[in-house]
Amino acid sequence: MNELKCEVLIIGAGPAGLTAGVYCARANRDVIILDGKELSALAKAKEIQNWPGEIDIKGKHLLAKFKDHAESYSENVSIIKGDVISLMLGMGVNMISTRTANITSDVVVIATGGGQRKDIIKGESSLLGYGVSYGALYDGPIYKDKIVYLYGADEEMLEDALALQQMGCIVRIITKVGIEKLPEKIYDVKEVGIEVFENMEVIEVVPDSEGSIQKIICKSTKPESENIEEIKEFELSCLFILSHISSNSIFKKAGVELDNMGNIKVDEEQKTNLKGVYAAGDCTGGIFQVVFAAAEGARAGINSCKYLRQLKKE
């Protein structure tokens, strides 16, 4: 695990996060920007025709310009890959973990975009921390000698399956695709005897009477022409979700206040309810336009630097 430290940690590498990074870098602050698995909405946009100065530009090209601008402050800005899987916020020093790094920061700017407004899996957010986890390497030791399932389809999921087995967990895998579509590491996984349930989608997590996970309900992803919809249930102690991270539920668990639409609540300075924690862009709701996301990112960056000056009595 890498142990990293910075003054400002920005979670998200879309227009809001990258703009916040530029403003903090220009103020000579030490900045880390986390670039997660989920593509920015801007990267998915075919054409942008309302960004000042660009009559017509592909979304991915505009995002690349944002990124190049942030990376031009190489002495101050580091952009690293990773999704947040656990965090402690508003306690003076913020502590954030990804799969490969533990990061401490004075300020956090949340700029994760719109993401998923509802659970991908029914009941997912209500069982987060009670048998649903996004961090196999962190929570795995808790489940030694217990049955755990991993849900995903990439090499990271397969590596985590092998790591969990080494920790002493009874490991099984559920994946939406066929085995032939998984990375080659699947053969290492099968060689050590980890059971793989292919072409299955997790649709619900079900709690027991004490509020911890009891079972998952899955359905077949095979075309109807091949198979009538098949439902299966599996009992388990933990479901490690590596297919996605629900955008704002993980922040809610850390104490960040959300509105009734699942957006992060901020004031006119982009402050959340937690000290030293700001949010900007689509994750706060409002008008989902690049120019607004960038403006909120700028405001979050400016006010983060103001907070740091007060904190450090500069």
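The values are calculated or read from the model by the stated rules, or taken from the named source; none is laboratory data. Note that the structure is a prediction, hence the values are computed from the model and not measured. Note that each Cβ is placed from the backbone with ideal geometry, even for glycine, and that neighbours are counted across all protein chains shown.
So which residues in the stretch 1-42 are surrounded by fewer than 18 Cβ atoms within 10 Å (Cβ to Cβ) and in a helix (DSSP H, G or I)?
Across the stretch 1-42, the qualifying residue is only Arg26.
Among the candidates Met167, Met200, which residue alone is surrounded by 15 or more Cβ atoms within 10 Å (Cβ to Cβ) and in contact with a Cys (Cβ under 7 Å, 6 or more places away or on another chain)?
Met200
For the subset of the stretch 44-64 comprising residues that are out of contact with any Gly (no Cβ under 9 Å at 6 or more places or on another chain) and more than 15 Å from Gly14 (Cα to Cα), which member is surrounded by the most Cβ atoms within 10 Å (Cβ to Cβ)?
Residue satisfying both the conditions and the ranking: Ile57.
Among the residues of the stretch 190-211, count how many are part of a strand (DSSP E or B) and over 24 Å from the mean Cα position of the chain (by Cα).
Result for the stretch 190-211: 3.
What residue, of Gly82, Gly92, Gly113, Gly140, is farther than 24 Å from Arg172 by Cβ, crowded, with 22+ Cβ neighbours inside 10 Å and of a type outside the set (D, E, K, R)?
Gly113
Quick one: which of Ile142, Ile170 is in contact (Cβ under 8 Å) with a residue 60 or more places away in the chain, within 30 Å of Met1 (Cα to Cα) and not polar (S, T, N, Q)?
Ile142
Which of the numbered conditions does Pro183 fail, given that it passes all the others? Conditions: (1) crowded, with 16+ Cβ neighbours inside 10 Å; (2) in contact with a helix residue (DSSP H, G or I) (Cβ under 6 Å, 6 or more places away or on another chain); (3) in the same structural domain as Glu230 (by TED's automatic domain parsing).
Evaluating Pro183 over (1) crowded, with 16+ Cβ neighbours inside 10 Å; (2) in contact with a helix residue (DSSP H, G or I) (Cβ under 6 Å, 6 or more places away or on another chain); (3) in the same structural domain as Glu230 (by TED's automatic domain parsing) leaves (1) as the failure.
Would you pick out the residues in the stretch 245-303 that are in contact with a helix residue (DSSP H, G or I) (Cβ under 9 Å, 6 or more places away or on another chain), part of a loop (DSSP other than H, G, I, E, B) and under 19 Å from Asp35 (Cα atoms)?
Listed by number, the residues that qualify are Ser246, Ser247, Asn248, Ala280.
Exactly one of (1) loosely packed, with under 12 Cβ neighbours inside 10 Å; (2) part of a helix (DSSP H, G or I) is unmet by Pro223. Its number?
For Pro223, the exception is condition (2).
Would you pick out the residues in the stretch 204-239 that are modelled with pLDDT of 95 or more and within 30 Å of Gly113 (Cβ to Cβ)?
Matches in the stretch 204-239: Glu204, Val205, Val206, Pro207, Ile213, Ile216, Ile217, Cys218, Cys238, Leu239.
Would you tally the residues in the stretch 157-180 being in a helix (DSSP H, G or I) and either out of contact with any helix residue (DSSP H, G or I) (no Cβ under 8 Å at 6 or more places or on another chain) or aromatic (Phe, Trp, Tyr) (or both)?
5
Determine whether the stretch 261-281 contains at least one residue that is more than 18 Å from Cys24 (Cβ to Cβ) and surrounded by 21 or more Cβ atoms within 10 Å (Cβ to Cβ).
Within the stretch 261-281, one or more residues are more than 18 Å from Cys24 (Cβ to Cβ) and surrounded by 21 or more Cβ atoms within 10 Å (Cβ to Cβ).
Just for the stretch 282-309: of the residues that are among the polar types (S, T, N, Q) and at pLDDT below 95, which one is surrounded by the fewest Cβ atoms within 10 Å (Cβ to Cβ)? Step through it out loud before you land on a result.
As a first pass, look at the stretch 282-309 and keep what is among the polar types (S, T, N, Q): 284, 289, 303-304.
Okay, now just the ones that are also at pLDDT below 95, so 284, 289.
Working: Thr284: 25, Gln289: 14.
Ranking the qualifying residues of the stretch 282-309, first place goes to Gln289.
Residue by residue through the stretch 65-77, note down the ones that are polar (S, T, N, Q) and loosely packed, with under 15 Cβ neighbours inside 10 Å. It would help to see each step written out before you state the result.
At the first step, the residues of the stretch 65-77 found to be polar (S, T, N, Q) are 72, 74, 76.
Selection gives Ser72, Ser74.
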